[in-house]
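The structure appears below as structure tokens.
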Amino acid sequence: MSKQIKGMIVAEIKNRIGDCREMLVVDSSRLDAISTNRWRLALQEGRITVLAVKNTLAKRALHDVGVTQLDPYLTGSSTLVWGGEDIVALSKEITKWVKEFKELEIKGGTVEGSSLDAAAIDSLSKSPSREELIGQIAGLALSPGAQLAAALLGPGGQLTGQLKTIGEADED
């Protein structure tokens with residue numbers, strides 16, 4: 001392959017990756033055609049991109065955009081996977097497919113400039129997603145206010161009930 005062709009492929013990989021710096025590397029070479037098609041279509045619906053790459057060209061493209069953490073995992077047959085809502089959602093989706101297709105293998109990934117092996121990605125897939133964390137934080141932030149409102153309304157409700165009872169007794 002000529003230098004010009006390699007340069008064009010590297011440019012295309014960089015273009016497809018864009019500004020994404022969190023991605024996974026999987027080995028999908030042992031999947032049959034039907035399983036691969038089903039897997040790719042399902043990921044495409046979740047806005048997840050799958051790109052089978054030649055390791056040397058992928059390393060060059062990734063180094064150009066500042067991602068060097070994937071080098072240990074770019075050996076043998078490699079497929080880059082990125083996208084989705086966040087890296088947790090991506091890892092959940094990929095680990096779900098790994099359980100369904102035993103031939104699919106997670107090699108590693110990168111999150112916030114750190115390299116993750118397959119076991120770390122499996123652990124990441126069990127953590128709460130971005131939306132779940134935001135919900136937990138909102139719940140924690142609203143909790144003291146709800147407790148204060150309950151504390152203020154509790155005695156006030158009792159006082160109102162007693163005044164109403166006294167008022168009804170006076171009417172009789």
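No lab work stands behind these numbers, since they all come straight from the coordinates. Nothing here was measured: the structure is a model prediction, and the numbers come from that model. FYI the Cβ positions are ideal-geometry reconstructions off the backbone, even for glycines, and counts take in every protein chain you see.
This ranking places Glu85, Glu45 by how few other beta-carbon atoms lie within 10 Å of each, fewest first, which gives Glu45, Glu85.
A P(r) calculated from all alpha carbon pairs of the chain, with 5 Å bins opening at zero, reads 1, 8, 13, 15, 14, 10, 6, 4, 4, 3, 3, 3, 3, 3, 3, 2, 1, 1, 0, 0, 0 percent.
For the stretch 10-26, 3J(HN,Hα) computed residue by residue from phi via the Karplus equation (6.51, -1.76, 1.60; θ = phi - 60°) reads 4, 4, 5, 4, 4, 5, 5, 5, x, 9, 6, 10, 10, 8, 10, 10, 10 Hz, glycine and proline entered as x. The value of relative contact order for the chain, using C-alpha pairs under 8 Å at least six residues apart, is 26 percent.
Diffusion coefficient (Stokes-Einstein, Kirkwood radius over C-alpha pairs, 20 °C, 1.002 mPa s) for the stretch 4-49: 169 µm²/s, rounded to a whole number.
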